[in-house]
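Let me begin by presenting the structure, written as structure tokens, before commenting on it.
The values are calculated or read from the model by the stated rules, or taken from the named source; none is laboratory data. Here the structure is a predicted model, which is why all the values come from computation and not from measurement. Note that each Cβ is placed from the backbone with ideal geometry, even for glycine, and that neighbours are counted across all protein chains shown.
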Amino acid sequence: MSDRFVYVTYIRTTPETLWEHLTKPEFIRVYWHDISAESDWKPGSSWKLIYPDGRVTDTGEIIEAHPPRRLIIKWRNEFRPELKAEGYSRATFLIEPAHETVKLTVTHEIDRAGSKFIEAVSQGWPSVLSSLKSLLETGKPLPRQKAA
Amino acid sequence: MSMDAVFKALADPTRRELLDALRARNGQTLSELSERPDMTRQAVTKHLAILEDGDLVVTEKRGREKLHYLNPVPIHEIADRWIDKFERGRLGALADLKRKLEREGR
């Protein structure tokens, strides 16, 4: 039994530009509300997510990287003990040309049922992905969502 | 991907219920989604196709089975288009006014 979700968005861009936006901190920061991801994006390399205040919130490893088509990251939360205890998840980014757009499929999964980690990230991804789409199509990210 | 397809997909109570079913439990098969007394498997197949056209449901093959996942990104894009860009300033102003009035009323 595993927990997973699959999100899809179509973006008017090229696979190469989208890949750059998924892997360069200076781009990631713009659509991910100042959060940044750092890695050299090679299989086996370490990967980490960094909050604006410098905290490393999530860590992991690059499992696969085939620019500009496929990226798989082993991913674990580090700052919420109950999420960290669930162990590593797997995030897959699939980039496919689709007519005049590019289809981005983000799959995030973990090998356990009822995962709190998957529940937590499933709420964050839609906002990050629509911000990424907005940045690539209009040059502007979406304003940061206010906490309810 | 057109927004028309999203609105078309949402404009039916049965399809909204199918989305609710996926929200409750993601990654269901057609058989699981057809376990409803009021609907035939054929009808569910048709509704799922319209939801897929609107990109609200994404499918993945897992062995011999096709699993259905809820994709909330298009709905988020609709919210962003009308709420974030146009209403944010006004809603913020209203909230400020409310705070000001409540302070003065004290």
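Scanning segment A:1-36 for residues that are within 15 Å of the chain's Cα centre (by Cα) and under 20 Å from B:Ser2 (Cα atoms) yields A:Val6, A:Tyr7, A:Val8, A:Thr9. Tallying residues that are free of Cβ contacts under 8 Å to residues at least 60 places away in the same chain, under 13 Å from A:Pro68 (Cα atoms) and buried (at least 18 other Cβ atoms within 10 Å of the Cβ) within segment A:12-32 yields 1. When segment B:4-60 is filtered for residues that are within 26 Å of A:Ser115 (Cα to Cα), acidic (Asp, Glu) and assigned to a loop (DSSP other than H, G, I, E, B), the ones remaining, listed by number, are B:Glu35, B:Asp55.
Each row is one residue, and each column tells you yes or no for (1) within 14 Å of another protein chain (Cβ to nearest Cβ); (2) buried (at least 18 other Cβ atoms within 10 Å of the Cβ); (3) at pLDDT 95 or above.
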residue	(1), (2), (3)
A:Asp53	no, no, no
A:Pro67	no, no, yes
A:Ala85	no, no, yes
A:His108	yes, yes, yes
A:Ala120	no, no, no
A:Gln123	yes, no, no
A:Pro126	yes, yes, no
A:Pro143	yes, no, no
A:Lys146	yes, no, no
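Among the criteria (1) without any contact (Cβ under 8 Å) to a residue 60 or more places away in the chain; (2) crowded, with 20+ Cβ neighbours inside 10 Å; (3) within 14 Å of chain B (Cβ to nearest Cβ), the one A:Gly60 does not fulfil is (3).
Yes/no matrix, rows are residues, columns are (1) more than 10 Å from chain A (Cβ to nearest Cβ); (2) modelled with pLDDT of 95 or more; (3) surrounded by 19 or more Cβ atoms within 10 Å (Cβ to Cβ):
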{"position": "B:Leu51", "(1), (2), (3)": "yes, yes, yes"}
{"position": "B:Glu65", "(1), (2), (3)": "yes, no, no"}
{"position": "B:Ile78", "(1), (2), (3)": "no, no, no"}
{"position": "B:Gly92", "(1), (2), (3)": "no, no, no"}
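Filtering segment A:90-102 for residues that are within 19 Å of B:Val58 (Cα to Cα), of a type in the set (Lys, Arg) and surrounded by 15 or more Cβ atoms within 10 Å (Cβ to Cβ) leaves a non-empty set.
Considering only residues in segment A:37-64 that are basic (Lys, Arg) and closer than 20 Å to A:Glu82 by Cα, the one that is nearest to the chain's Cα centre (by Cα) turns out to be A:Lys48. Within segment A:23-45, the set of residues being over 18 Å from A:Lys74 (Cβ atoms) and not in a helix (DSSP H, G or I) comprises A:Lys24, A:Trp32, A:His33, A:Asp34, A:Ile35, A:Ser36. No other residue among A:Val102, A:Val106 is part of a strand (DSSP E or B), among the hydrophobic types (A, V, I, L, M, F, W, C), within 23 Å of B:Asp55 (Cα to Cα) and over 14 Å from the mean Cα position of the chain (by Cα) apart from A:Val102.
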